[in-house]
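Visitor: Input: one structure, supplied below.
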Amino acid sequence: MILRRVFYYWQFVAVGALPLWLMVAASVFGSTAWQVLGATFGAVTIGFGLLVVSLLFFARKEVRVDKAVSWADVGVLTLWHALIVLMGVYSVTAPWLSVLVVLVGLGAFWFALWELFDAARKRVREAMVYIDETARFGTVPSGPSPFPTMTDRPSGRPDSARQDPAHPTPADPSVIIIQEKPADN
């Protein structure tokens, strides 16, 4: 649980730290001026991608409540962040590493989106089961109901004389009738 919490906080620190690492590493490890400029634009793009993926992870309720990402999130973030660190060191000698970082970043985005969708689907399913069970086995408070039922009208009420015979009061208690205008006496 400690490692998952560390990654929960690290994912937001990484949004600033890893792009900064790419810019510093590009200038330290023997890049030309154009490669440093390219690394700067790439770092901004990777930083934006890191932010989007972190916010998708954060959007899941269980992540926010536990303040810990899942083990699958830890694996995805570890792979992606390690590749970003390696890209800073080996960007001159292994340009294919940049393509790999972008592909893993796209995979991390779709993985985070899928996890968010899956968590939302589970929560909706739980809500529907709760609603279904409440409707089927609903609890009724003991004692008299505070709400009048449609079938238990006293015969002495003044509105019972004004009932339209063409539209009788329904006997189904799930039907609610709302009068638009009060009847004048």
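Please treat every number below as a calculation from the coordinates, not as lab data. What you are looking at is a predicted structure, and each value in this text was computed from that prediction instead of being measured. Counting neighbours? That spans all protein chains shown, and the Cβs are built from the backbone with ideal geometry, glycine included.
Visitor: List Phe41, Phe117 from most exposed to least, where exposure is judged by having the fewest other Cβ atoms within 10 Å.
Guide: Fewest-to-most Cβ neighbours within 10 Å comes out as Phe41, Phe117.
Visitor: Please tell me the relative contact order of region 2-136 in percent, rounded to the nearest whole number, where contacts are Cα pairs under 8 Å and at least six residues apart.
Guide: 30 percent
Visitor: Can you tell me the dipole magnitude for region 2-136 around its Cα centre, using point charges on the Cβ only (Lys, Arg +1; Asp, Glu -1), in Debye to the nearest 20? Each step should come with its number before you reach the end.
Guide: Values: 11 positive and 8 negative charges, 49 e Å.
The calculation lands at about 240 debye.
Visitor: I've got another one for you. Could you line up Trp80, Trp10, Trp114 from fewest to most neighbouring Cβ atoms inside 10 Å?
Guide: Values: Trp80 24, Trp10 18, Trp114 11.
Ascending Cβ contact count within 10 Å gives the list Trp114, Trp10, Trp80.
Visitor: Give me the one-decimal nm value for the distance between modelled label points at Arg4 and Ala59, 7 Å along each residue's Cα-to-Cβ direction.
Guide: Result for the modelled spin labels: 2.1 nm.
Visitor: OK, next. Would you mind calculating the gained length between Thr40 and Ala94 on full extension (0.36 nm times residue separation, minus the Cα-Cα distance), in nm to one decimal?
Guide: 17.7 nm
Visitor: While we're here: Arranged by the count of other C-beta atoms within 10 angstrom, fewest first, what order do Phe111, Phe58 take?
Guide: Going from least to most buried by this count: Phe58, Phe111.
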